[in-house]
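In what follows, a structure is listed as structure tokens, so that the remarks can point back to it.
The values are calculated or read from the model by the stated rules, or taken from the named source; none is laboratory data. Keep in mind the model is a prediction, meaning the values are calculated, not measured. In this analysis, Cβ positions are derived from the backbone assuming ideal geometry, glycine residues included, and neighbour counts consider all displayed protein chains. The protein model used for the area step is the full one, side chains on, heavy atoms only, and it has no ligands, DNA or RNA in it. Shrake-Rupley method; radii C 1.70, N 1.55, O 1.52, S 1.80 Å.
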Amino acid sequence: MEYNFKQIETKWQKEWADRKTYRVEVDSSRPKYYVLDMFPYPSGAGLHVGHPLGYIASDIYSRYKRLCGFNVLHPMGYDAFGLPAEQYAIQTGQHPAVTTEQNVNRYREQMDKIGFCYDWDREVRTCDPEYYKWTQWAFLKMYDHYYCNKAQKAVAIESLKAQFAAVGTEGLDAACTTPMTFTAEEWNSWDEDKKEQVLQNYRLAYRADTMVNWCAQLGTVLANDEVKDGLSVRGGFPVEQKRMKQWSLRVTAYAQRMLDGLEQLEWSDSLKEIQRNWIGRSVGAQVFFDVKDSERKLEIFTTRPDTIFGVTFMVIAPEHEWVEELTTAENKAAVEEYIEQTKKRSERERIAETRRVSGVATGSYAINPFTGKAIPIYISDYVLAGYGTGAIMAVPAHDSRDYAFARHFGLEIIPVVEGGNIEVESYDAKSGKMINSDFITGKDVTEAIPMMFEEVEKRGLGKKLINYRLRDAIFSRQRYWGEPFPVYYKGETSYPLPEDKLPLELPPIENFGPTEQGEPPLARVADWTFEGHALELSTMPGFAGSSAYYLRYMDPRNNEALVSKEANDYWRNVDLYVGGIEHATGHLMYSRFWNMFLYDLGYVCESEPFKKLVNQGMIQGRSNFVYRVVGTNKFVSLGLKKDYETQEIHVDVNIVKNDQLDLEAFRAWRPEFKDAEFILEDGKYVCGWAIEKMSKSMFNVVNPDNIVENYGADTLRMYEMFLGPLEQSKPWDTNGIDGVHKFLRKFWRLFFDREGNLTLTDEAATPAELKTLHKTIKKIREDIENFSFNTSISAFMICLNELGACHKRAVLEPLTILIAPFAPHIAEELWEVMGHSETIFDAAYPEYDEQHLVESAFEYPVMMNGKLRFKQNYPLAMTPAEIQADIVTTEGAQKWLEGKAPKKIIVVPGKIINIVM
RNA sequence: GCGGAUAUGGUGUAAUUGGUAGCCACGUCAGACUUAGGAUCUGAUGCCGAGAGGCGUGGGGGUUCGAGUCCCUUUAUCCGCACCA
């Protein structure tokens, strides 16, 4: 009987659904394990073979853990709010809810065919009001809290109000947009609106006038991680900097904790590094420079206070708030023109023109606090308004940008660190001997920096300060298809919706574009009000809904809380998270922030949401080409194309197998190829190929349905894993899929002969068979724990090769369980064939027995390149003499050493021995 | 510019973590069975060489009895950040 994968897979997928095999509940008698996939955005294109790569890996691990006795939570859902559905709605008028529903159904169908062990009773969709109620709830909580730097946690805003009323800002150390000082009397004298304005400076969810990334084509603002090289990540439209009133989340308050938290996470070093760079912590000094003929003190931030004796000028950003004030009358025209130019240049141009030196003098001077010298203040766009204080002290001798600027404007260059060639370029040294620097002359840079921190503080010039590159997250989008803000306005002042009014449901509309006045689509809703007051018109961004979804899976139908204490205490956090690296600075940052906040408030019991994280590589497309002889409808095979003048044409990879074109399918593919003729080599048409991004236009999109149809889900699952290491990006290539399919057929044939009779016997296994079996168990267990699924599949193949025609239950039964996480359908079927009535996933994963490995594992010494080599390990404590004595007692060694005097015995402690003859 | 990763046969990859480089598959070649093969089975297959033998993990150097693995250097490719003071 042949291996009929279609029948087997349909049967078991139905059985699993009917029996609810994968439903999980809180069960304190068993240890929990939480395996999570990054839930997909259900796009119109459906699933392609890249999506399931991570899903298959996590599915294998979930099934493995379950077989090892864990209570495994493995849920799935949909990240259903987002731009593409809305763009589609604008073009077609179809409501995003409708297209999303269609896409979700398609995704579900495709996923079901692959045989995943999700508990679908726990499915969530971010666009479901029952779900986004808790997104809105979390927002209100953030609105209601501020971050106290002393307590190192979020604290209720009420206690801040009480403090303001009692002592004002006295002794306050809180995360804020701009530092403020006022007294209790001042606070108490202000009206509600004014008080609220002040509180917005501290709330963790706040509304403020900020510089934002505005994308005109998308008609919305974007967060920093949604912009790349001055273009929107979605759509690739230009993005400009604009000052707008927007809701933001104060993620910067958690910068240090997010940095520290990385230490204990089992994430890849590269991912941690990406987050560290994104947070961008730098330790430096805040220093105030006196401005000549003025009361003002210009504040700068520097990481190199040791070079302060080399400061010969200062630079402020064109957006700096003192630009006007510092500009003298005679420089006014030049400055205004420069500012005007800067404004006109878009963000893209600024990036493209990196390293072009430009700037203008203000005419004002500052006083170097250490040398007392007057130094000119310039304006230049190489200083960014958004980082530090928007002003720098320039040390041309030791900073390449300052150097270029000084050279361009003919400014003085004073070296303060020995070395380099100041005539030619700056010497950006991080160590070396200080010179020309008064009391730190002769010290090393590394000593001088801490000395200067102290000195700056002692002289009252400033203090040591830590700066972060991380910016607060812009949280509003001028869009329709997202969570509405639970916020209404009286005039300009915002008020939170009462909690019992949640969810604030997204109202249905018909026209999804912005209004003529450029307002968000919600402005079209006639009664978008709360108790007669206008509701917020923008909606939340994509990352809002995905920030806490892993918590909701723990208790998805709870109407009283995001997650019950009981469920959260049991499931705690995600043990294994599998997904793409592209979320490194987006979702994975926001989720950690969101979780830490809820942790501060006591709603969750773990401060980090994702303990271990594995990034699966991207699957690229492998395109195929045919070569048309120019001016004809003849196509020449790859090997012969050099003899013709040809035109390369992308051909649908689904009609090419092993780079060989299916001629009939090609003629049927498109009308213009109906009469195509071919110049074949060896009777075949061989196509060319290239690795490209998977995309419709290159006809290289492979969707899993075809593979499942032709080879079955088990083959797809195993093949995707066999492709190479999980974390590596690789092109999709079906050239090797037959090998994996052949393996499954071979496995099937150990149970049945050609006539379909069961060939299973109850004979006892031989030592050799047991050795093979236990070797395989050991290897498979190790490989799964290391996420090395490609090598585990090799191990299965080796096992079958070694076993040959073995029909013994004693061997095949454990082997079937061993293979079940990888190929669940065939395993389940064979399990039933072997007479079990319960599902194979209630069995226990086999343990290996060292005994079978050791007994037959005696290693004889072998002669290699004139050396006698042993593979045996010896303990550290043994002396060479003892080892030699040990060697000559073994049978094989005696044979080798008979009558020979070894020149030397080389002992690497505990490892291996070479004997040079 | 800064940071991170990768480099092994015709191809995807493996290597007990410093110990016989190329496991397992694909492909190719040869053979068997076949009316047929995109079926099945057997064998060969890193390169050079008729052979003995030599060479071989991007290049160069080093440590070591021994290096794909460790160190230095260099090249190429990919990714992240980027005028971050």
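Can you tell me which residue in the range A:709-756 is farthest from RNA strand B (Cβ to nearest atom), limited to those that are among the polar types (S, T, N, Q) and not in a loop (DSSP other than H, G, I, E, B)?
A:715
Restricting attention to the range A:245-283, which residues are away from RNA strand B (no atom under 13 Å from the Cβ) and surrounded by fewer than 15 Cβ atoms within 10 Å (Cβ to Cβ)?
The answer is A:245, A:260, A:263, A:264, A:266.
Looking at (1) buried (at least 24 other Cβ atoms within 10 Å of the Cβ); (2) under 30 Å from residue A:508 (Cβ atoms); (3) not hydrophobic (A, V, I, L, M, F, W, C), which is the one condition that is false for residue A:74?
Of (1) buried (at least 24 other Cβ atoms within 10 Å of the Cβ); (2) under 30 Å from residue A:508 (Cβ atoms); (3) not hydrophobic (A, V, I, L, M, F, W, C), only one is false for residue A:74: (2).
From the list A:92, A:135, A:126, which one is in contact with a strand residue (DSSP E or B) (Cβ under 8 Å, 6 or more places away or on another chain) and polar (S, T, N, Q)?
A:126
Would a scan of the range A:359-378 turn up a residue that is within 15 Å of residue A:300 (Cβ to Cβ), of a type in the set (A, V, I, L, M, F, W, C) and under 34 Å from the mean Cα position of the chain (by Cα)?
Among the residues of the range A:359-378, not one is within 15 Å of residue A:300 (Cβ to Cβ), of a type in the set (A, V, I, L, M, F, W, C) and under 34 Å from the mean Cα position of the chain (by Cα), which makes the answer no.
Restricting the range A:658-697 to residues that are modelled with pLDDT under 75 and more than 16 Å from RNA strand B (Cβ to nearest atom), which is farthest from residue A:737 (Cα to Cα)?
Of everything passing the filter in the range A:658-697, A:697 is farthest from residue A:737 (Cα to Cα).
Within the range A:589-606, track down each residue that is in contact with a Phe, Trp or Tyr (Cβ under 6 Å, 6 or more places away or on another chain) and more than 26 Å from residue A:57 (Cα to Cα).
Residues of the range A:589-606 that are in contact with a Phe, Trp or Tyr (Cβ under 6 Å, 6 or more places away or on another chain), as a first pass: A:590, A:593, A:596.
Correct list: A:593, A:596.
If only one of A:395, A:416 is at pLDDT 90 or above, over 30 Å from residue A:324 (Cβ atoms) and within 14 Å of RNA strand B (Cβ to nearest atom), which one is it?
Numbers: A:395 fails: over 30 Å from residue A:324 (Cβ atoms).
None of the others qualify; the one that does is A:416.
For residues that are in a helix (DSSP H, G or I) and buried (at least 21 other Cβ atoms within 10 Å of the Cβ), tally how many sit in the range A:569-586.
Taking the range A:569-586 and keeping what is in a helix (DSSP H, G or I), we get A:569-571, A:581-583.
Among the residues that remain, those that are also buried (at least 21 other Cβ atoms within 10 Å of the Cβ) are: A:571.
Count: 1.
Please go through the range A:761-790 and pick out each residue that is within 16 Å of RNA strand B (Cβ to nearest atom) and without any contact (Cβ under 8 Å) to a residue 12 or more places away in the chain.
Of everything in the range A:761-790, those that are within 16 Å of RNA strand B (Cβ to nearest atom) and without any contact (Cβ under 8 Å) to a residue 12 or more places away in the chain turn out to be A:782, A:785, A:786.
Quick check on the range A:1-35: of everything there that is of a type in the set (A, V, I, L, M) and outside any loop (DSSP other than H, G, I, E, B), which residue is farthest from residue A:557 (Cα to Cα)?
The qualifying residue farthest from residue A:557 (Cα to Cα) is A:8.
Report, by residue number, each residue of the range A:369-392 that is of a type in the set (S, T, N, Q), at pLDDT 90 or above and surrounded by fewer than 21 Cβ atoms within 10 Å (Cβ to Cβ).
Of the range A:369-392, the ones of a type in the set (S, T, N, Q) are A:371, A:380, A:389.
Now drop any that are not at pLDDT 90 or above, which leaves A:371, A:380.
Passing the criteria: only A:371.
Scan the range A:189-218 residue by residue and report those that are surrounded by 17 or more Cβ atoms within 10 Å (Cβ to Cβ) and within 18 Å of residue A:480 (Cα to Cα).
A:214, A:215, A:218
For the range A:140-154, what are the residues that are part of a strand (DSSP E or B) and buried (at least 19 other Cβ atoms within 10 Å of the Cβ)?
Correct list: A:145, A:146, A:147, A:148, A:154.
Of these, A:30, A:19, which one is touching a Phe, Trp or Tyr at 6+ places or on another chain (Cβ under 9 Å), open to solvent by 70 Å² or more (accessible area, probe 1.4 Å) and either of a type in the set (S, T, N, Q) or more than 22 Å from residue A:106 (Cβ to Cβ) (or both)?
A:30
Would you check if residue A:288 is surrounded by fewer than 20 Cβ atoms within 10 Å (Cβ to Cβ) and of a type in the set (Phe, Trp, Tyr)?
yes
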